[in-house]
Amino acid sequence: MRSEADGVLAVAGGRIVFRGSWPEFARSAAGDTATVIVGDHPRFLLPGFVDTHAHYPQVFSTDAYAGRPGPGTGTGTGERSDGTSGTGERSDGTSGTGQLLDWLQRCIFPAEARLADPDFASAAAAAFCSRRVAAGTTTALVFGSAFPAAQDALFAESVRVGLRTVSGRGVQTVGPAAAAPLITDIDTAIRLCRNEIDRWHGAGDDLVRAAVVPRFALSLAPSDMKSLAGLYGEVRDRGVYFHTHLSENDNGADGEVAATCAAYGIRRYLDAYDGFLGRRSVFAHAVHCHDDELARLAATGSSIAHCPTSQFFLGSGTMPWRSTVASGVTVALGTDVGAGDEWLLSRVAGDCFKAHMSEPGAASIALGPARLLELCTLAGARALDLDDVIGNFDVGKEADVLIVEPHRWPGFAGVLAQAPDSAEALLFSLLLGMREPAIADVLVRGVSVTGPSGATP
């Protein structure tokens, strides 16, 4: 971690040409042709946040309730991982529902189907980009919509506002009745993916890029997944990304992991994604991975989008931090909006700190503030193969910047003023205490994306 009191960034042509203290800047020639951005306590400059897993079609679905409590004995019917229904009863008046597969069936598939309406999709795209700006998320890997017009709306709004967006249509060829509006045959899915890649990959002066995005293994027949891998083999050398879910929620013999292995006739969940691993391949969650799966992710240069906030919400468990990181795989943070109900990535970092502090015994770890900031920024850039472009304030990188003014959030400035006199302690309080109103401005390539010309927080 580097902390510069009374610091200055100078930006020219969208890139950082100077980073250092004000006295150093005054003695340099960097200000002759550059825009100057000054940080001075209590005003802070941070690198733009990089969210490696968010769902655009779920922009209005945060905190969606999937359970059905009733008087006396609660009864709920939810989708199993094989697409059939199951019933759970408890004597305490709750339904025992609300985890991943119930939540998809009752809340998410119907919500995502609404994006078939182009007007609604445009409103969703505007809201999604606006919430990103408000939270300082300058770059995001986004799980997209099944509907081409909705994806066009997302990419077009990202370009208009000036946000970095990597996304792809959510591919689903099998599923329960609730998912029917989102399902296509594999030939149609491949045609739509190809069209999207040709149209949008590299658009907006390379602000937006395309990805191949199957929802998860159980959303495609094994033969369909193999066909999709064939498409990815054709386009991956163009810099196209791959993104999906992996080992998110496991309920034993009837859970996602076991059902995937049975459906695909494989030993490990990750084997369902043969043909997709490698650089620019990001797998969300990885909560229940085996050591050999983690080793394979690391060896292929694949990355994990760690989503502790949504794992709390859906009761998915805790990704084991020490063993996951020990494998050598790149781990970055994802909000997982809408199972994640926090848009602000530093809030997700706070949940990350709490989750891993609470792991049992020797697995427990207290992540330091520099590590938490890296998870919000440079680690995400590394997962997206953009760490030579963004992620910190190295001279030569593009200037994605958050300007934080603590007085905008009641009580926040007072907390920071009383922080111990160390950069580490100040950063920890800054990250965990920050809320969206404290973000005064958001810059991408040195240009503000807030206000009338961009999205309004």
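Only the coordinates and a few stated rules stand behind these numbers; no lab work does. Because the structure is a prediction, the values reported are computed rather than measured. All Cβ positions, glycine included, derive from the backbone under ideal geometry; neighbour counts span all protein chains shown.
Computed over the chain, relative contact order equals 19 percent, with contacts defined as Cα pairs under 8 Å that lie 6+ residues apart. Taking every DSSP beta bridge that has both ends in the chain, the antiparallel portion is near 50%.
Along the chain, counting only trypsin sites (Lys or Arg not before Pro) with a DSSP assignment other than H, G, I, E or B and at most 11 other Cβ atoms inside a 10 Å radius, the longest segment between sites is 28-266. As a calculated quantity, the FRET efficiency between Ala370 and Ala12 at R0 = 25 Å, using C-beta atoms, amounts to about 0.35.
Rounded to the nearest 20, the Cβ-based charge dipole of the chain about its Cα centre (Lys and Arg +1, Asp and Glu -1) stands at 300 debye. Which one of Ala111, Leu163, Ser429 is farthest out on the positive end of the charge dipole of the chain, using unit charges on Cβ (Lys, Arg +1; Asp, Glu -1) and the Cα centre as origin? After comparing all options, I get Leu163. Distant-in-sequence amide contacts of Phe18, defined by a placed amide H-H separation under 5 Å and a gap of 5 or more residues or a different chain, comprise Ala10.
Starting from the Kirkwood Rh over alpha-carbon pairs, what translational D in µm² s⁻¹ does segment 375-457 have by Stokes-Einstein at 4 °C and 1.567 mPa s? Translational D for this selection: 91 µm²/s. By the count of neighbouring beta-carbon atoms within 10 Å, fewest first, Ser323, Ser122, Ser223 end up ordered Ser223, Ser323, Ser122. Relative to the longest principal axis of the Cα atoms of the chain, helix 148-161 runs at roughly 10 degrees. Given their separation in residues at 0.36 nm each and the Cα-Cα distance between them, Arg199 and Lys354 gain 51.6 nm when the chain is fully extended.
Taking Rg and Dmax of the Cα atoms in Å as calculated from this structure, the corresponding entry among (1) 23.2, 73; (2) 23.1, 80; (3) 21.9, 75 is (3). Between Asp6 and His41, the built amide H atoms are under 5 Å apart, and every one of these is 5 or more places off in sequence or on another chain. Phi-derived couplings, Karplus 6.51 cos²θ - 1.76 cosθ + 1.60 at θ = phi - 60°, listed residue by residue for segment 310-320: 6, 5, 5, 5, 9, x, 7, x, 10, 4, x Hz, with x used for Gly and Pro.
With the simple model of a label 7 Å out from the Cα in the direction of the Cβ, Arg268 to Val415 spans 4.0 nm.
Which log10 I(q)/I(0) values, to two decimals, does segment 307-394 give at q = 0.11, 0.14, 0.19, 0.26 Å⁻¹ under the Debye formula with one point per Cα? Per q value, in the given order, log10 I(q)/I(0) is -0.30, -0.48, -0.88, -1.41.
Computed from label points 7 Å out along Cα-Cβ, the spacing between Phe120 and His290 is 4.2 nm. Annotation: amide H of Ala284 within the under-5 Å range of Thr244, His245, Leu246, Ala305, sequence separation 5 or more or interchain, hydrogens built in the peptide plane. Coupling constants for segment 336-349 follow from the phi torsions by the Karplus curve (6.51 cos²θ - 1.76 cosθ + 1.60, θ = phi - 60°), and in residue order they are 6, 4, x, 5, x, 9, 10, 8, 7, 5, 5, 5, 5, 4 Hz; glycine and proline get x.
Taken along the Cα-to-beta-carbon direction at a fixed 7 Å, the label points for Asp63 and Ala221 span 4.2 nm. Here the Karplus relation 6.51 cos²θ - 1.76 cosθ + 1.60, evaluated at θ = phi - 60°, turns the backbone of segment 407-418 into coupling constants of 5, 6, 10, x, x, 5, 4, x, 4, 5, 5, 9 Hz, with x for every Gly and Pro.
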